[in-house]
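Only the coordinates and a few stated rules stand behind these numbers; no lab work does. Keep in mind it's a predicted model, so treat the numbers as computed, not measured. Cβ coordinates were reconstructed from backbone atoms using ideal geometry, including for glycine residues, and neighbour counts include every protein chain displayed.
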Amino acid sequence: MNQMHTDDRNLQAAGILAAMPADARARIASLETLDTIDSTNSELLRRTTPQHGCAILFADAQSDGRGRHGRAWASPPGSNLYVSFARLFQGDFSRIGGLSLAVGVAATDAMHAIGADGIGLKWPNDLVLRRRNDPDAPLRKLGGVLVECGMQAGTVRTVIGVGLNVRMSVDAAAGIDQPWIDLHTILGDRMPARALIAAGLAAAIVAALDRFEAEGLRPFRGRYAALDALYGREINAGVAGAVRSGIANGIDADGALRLRTAQGEVVLQAGEVGVRSNDRAEIAHATPLTSR
């Protein structure tokens, strides 16, 4: 396994690897940390994905970090975690349906392992803080998952980016246009060092990728249901310029969102949703819905 690290504010490859269990290290083809990069996803997309194992790239800062639909992801130095995983999957693109949900489950469980118990998942790709005793409270975003893919020598090449707010400065947060939270706010003095958080996150995700390769989304669905921050909430989906409202009703076997409407159940195959709270609706956009 190749190892490379730079003096990047204590986020170093050697420290991350040392904190990972041996079985996780065995799944890794390479792990690198960089001071700064335009985007960890973009960098791994520029490289050839290893034939075996997973290539992992952490950066201390990103100059062009992005989320779904090309949105900018606030990526200041020394504050958060920005990491991407490159891995090959056998088969075609249908083989990786629901991959972002499986990665979200793994990332959320890694947060629970360090004491951030209130973290759940907002379909399709957000880690959020949810208030179980206040279902109308806004969901505050802790992190997100971005999956990009292509073909490489007859296999599906995936690059999975994960961003986590660890200790967001006031200045860095000024440009964020949605409710957010960071691990330091949740954990306070109980928060582990960033390298330990990185190690736990990476170990959980590489294990999840291997399991997804072997079994697909099926073994993750039960855990996703337990973490589903949208279930039972009224949500809005923007479809072709129109807005459809309904009650989130979990996911189906392919990872699509089930939406219960006055006209019956519809299935949201991909896209985004907004949560309606206190009679104020955030409108988001999505790809077309199919009826059931």
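Once the convex hull of all Cα atoms in the range 2-227 is built, its volume per residue stands at 120 Å³.
Highest mean packing comes first when the peptides 200-207, 41-48 are listed by Cβ atoms within 10 Å, giving 200-207, 41-48.
A protection proxy built from the mean count of other Cβ atoms within 10 Å ranks the segments 156-165, 106-115, 257-266, most packed first, as 156-165, 106-115, 257-266.
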